[in-house]
């Protein structure tokens, strides 16, 4: 099933590869390199899922997640944290901020499409 | 310091003998003291962060100059070569890989997927990971066992050798209940694992958190190794050797009826 997914990552290589891997699966991909750019994209289009890099320059991913969850227009979007160093407690911080899931880097190209499909299949949060 | 070596023989000459104590009792006491040392906390040892593999972490086997296989091997995880073309993957059949074989061009095994952008990123990240592992400062232990760590039980930490390292029969890595415990082995030479040698994980140790930074690695026949091998040159797996981890080589990877299984992230 094709879905609209916003990928937010400040690393251009990560942004490109994650986007391509999901495009191979038939998803429509929107991209943003930071929180500001993401908000511009979201002002225009609402995706079903956001893959959110946590360590963004400026406003970090957790802050942006909290902001989106506080906004009636965007609170129904499933947000999945995508971050490099899986340290103790990071997953809980992501869930506390409102993330529905947590994917740790290194990204496994074999597993990412399945992880995304599983998250898309989850019941959507009520608006 | 948490580094301990399993006693290979009983120490029977105490420094302060008690006339009322038999040699056997003294030996037992010393053994108990050694065991206490094994289990003791290590206030001076700072936990290492794992080495960030980036996109190289998507591969069970990644090589810059080719992969040669004598079938039948069983690879669980992705396989890739770059910058060398897919033609440098020889002997490896699609049926041997549970994963994707990525190449930079339309050459190589029939099931290959051309994805040069992914491979370029992965190779770059592999080199960065090697540099990170090699550059970690303030090792907890240096020149342990003069390069022969056979029979030792090693706590998490940063270990450094200015030589190669030998594991003739086996070594145990003991996390003592900390599933996030990390080992980084900085080896300025060849990691030589003996025929039939076993790297044993204990106390919750995980292969994904073990990093062997080496100039070259040779895994002996039927040896059983765990961890991420970051090699500046080749990784050679002799007949029947198994690796629960990743073989990330800046030159070639040679397989001969092996099993390589990527760790669970």
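The values are calculated or read from the model by the stated rules, or taken from the named source; none is laboratory data. Just so we're clear, the structure is a prediction, and the values are computed from it rather than from any experiment. Cβ coordinates were reconstructed from backbone atoms using ideal geometry, including for glycine residues, and neighbour counts include every protein chain displayed.
Laid out as a table, the results:
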{"item": "Residue among B:192, B:188, B:197 that is in contact with a strand residue (DSSP E or B) (Cβ under 8 Å, 6 or more places away or on another chain) and farther than 24 Å from residue B:239 by Cα", "result": "B:188"}
{"item": "Test for residue A:43: is it in a helix (DSSP H, G or I), more than 14 Å from every other protein chain (Cβ to nearest Cβ) and free of Cβ contacts under 8 Å to residues at least 24 places away in the same chain", "result": "yes"}
{"item": "Unmet criterion (only one of (1) surrounded by fewer than 16 Cβ atoms within 10 Å (Cβ to Cβ); (2) at pLDDT 90 or above; (3) within 14 Å of another protein chain (Cβ to nearest Cβ)) for residue A:117", "result": "(3)"}
{"item": "Exclusive hit being at positive phi, buried (at least 16 other Cβ atoms within 10 Å of the Cβ) and within 14 Å of chain A (Cβ to nearest Cβ), set B:151, B:157, B:170, B:99", "result": "B:99"}
{"item": "From A:53, A:91, residue being without any contact (Cβ under 8 Å) to a residue 12 or more places away in the chain, in contact with a strand residue (DSSP E or B) (Cβ under 8 Å, 6 or more places away or on another chain) and within 14 Å of chain B (Cβ to nearest Cβ)", "result": "A:91"}
{"item": "Test: residue B:47 is farther than 19 Å from residue B:258 by Cα, surrounded by 19 or more Cβ atoms within 10 Å (Cβ to Cβ) and modelled with pLDDT under 95", "result": "no"}
{"item": "Meets criteria (under 21 Å from residue B:191 (Cα atoms), within 14 Å of another protein chain (Cβ to nearest Cβ) and in contact with a strand residue (DSSP E or B) (Cβ under 7 Å, 6 or more places away or on another chain)) for residue B:62", "result": "yes"}
{"item": "Qualifying strands (runs of 3 or more DSSP E) (wholly inside the range B:190-265; at least 1 residues being under 10 Å from the mean Cα position of the chain (by Cα) and surrounded by 19 or more Cβ atoms within 10 Å (Cβ to Cβ))", "result": "B:190-193, B:198-202, B:210-214, B:216-219, B:224-231, B:242-249"}
{"item": "Residue count, the range A:74-88 (criterion: more than 14 Å from chain B (Cβ to nearest Cβ) and in contact with a helix residue (DSSP H, G or I) (Cβ under 8 Å, 6 or more places away or on another chain))", "result": "7"}
{"item": "Conditions (1) more than 14 Å from chain B (Cβ to nearest Cβ); (2) surrounded by 14 or more Cβ atoms within 10 Å (Cβ to Cβ); (3) part of a helix (DSSP H, G or I); (4) touching a helix residue (DSSP H, G or I) at 6+ places or on another chain (Cβ under 9 Å); number of the one not met by residue A:99", "result": "(3)"}
{"item": "Filtered residue count, the range A:22-40, keeping only those that are in contact with a helix residue (DSSP H, G or I) (Cβ under 6 Å, 6 or more places away or on another chain), crowded, with 19+ Cβ neighbours inside 10 Å and either part of a loop (DSSP other than H, G, I, E, B) or modelled with pLDDT under 95 (or both)", "result": "0"}
